[in-house]
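Right, one structure below, let's go through it.
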Amino acid sequence: MDTLATPLPAPAETPDPPRAPDTRATPALLYLDAVSVSFDGFRALNSLSLVIEPGEMRAIIGPNGAGKTTMMDVVTGKTKPDTGEIVFSGTHDLTRLDEAAIASLGIGRKFQKPTVFEKVSVEDNLALALAGRRGVIATLLHRASGAERARIDEILEIVKLGERRREAAGALSHGQKQWLEIGMLLAQDPALLLVDEPVAGMTDAETEETADLLRRINADHSVIVVEHDMSFVRALGVKVSVLHEGSVLAEGSIDHVSADPRVIEVYLGR
Ligand code: ADP
Ligand code: MG
């Protein structure tokens, strides 16, 4: 065999790419590079770069106004970045897609305020979320299929609302409404869940439960969670990115970032 003597053809030259492409064997689930957004000249995101791996749960912390919600807005297409790259699963350029297209790729978002249907039962809220566009009346009249009922049972188990399933959502505590809404997001089975300040207004017990809930969800979904509550972030036990003035100031374990003098300065120096 003398095939080795034959020189390999030179790799095809491509014209200079603007940035080094993500060439790893497994592409990042979410890849943000040098993303900037300005509102009336104020830079809410300032060359933000962030990489989330498949299956990862990442916590994002940072002082008010750091750009955390704006980061979620650019990922979900609510706000278009002025510059920078946002790539989902190595192939989808999110800067070119609208909110509906991004949602249908499997990126689900939970806003801070719960938006459950208060007069509808807990399980019917989940049935509505499963049905998606079928419509409210059609869904409530339609008998859930075996597969739909099984999925509703599974979600009720994850969000620990099985015992409240036949009660109106309006009867739930604030924390339980947040869990129901996370359950409604799960009904769409997103690959990536974005959760903004889930434990704001919760009791300590509910906060602890929410950390457990997100860990259960992370068993088969990737998650980005923005939160101020440090004991909650510590309970999650995942990698943390600290945002400050629209870019990442520090990244690592909660112990690592909370020992970083620049992080201490940002949190305590004002
Ligand atoms: P965080 O969620 O970290 O508290 P935000 O992303 O909400 O911060 O906001 C970052 C900065 O951008 C803030 O100064 C905020 O006032 C500003 N901002 C966010 N969205 C808008 C908008 N739609 N129009 C104008 N300013 C905005
Ligand atoms: Mg915010």
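Rolling a 1.4 Å probe across the protein heavy atoms gives segment 114-225 an accessible surface of 47 Å² per residue.
Count Lys and Arg as plus one, Asp and Glu as minus one, and take only other residues whose Cβ is under 13 Å from that of V257; the net charge is then 0.
The values are calculated or read from the model by the stated rules, or taken from the named source; none is laboratory data. None of these values were measured; they are calculated from a predicted model. Note that each Cβ is placed from the backbone with ideal geometry, even for glycine, and that neighbours are counted across all protein chains shown. Please note that ligands, DNA and RNA were not included when accessible areas were found on the heavy atoms of the full protein model with its side chains. Shrake-Rupley method; radii C 1.70, N 1.55, O 1.52, S 1.80 Å.
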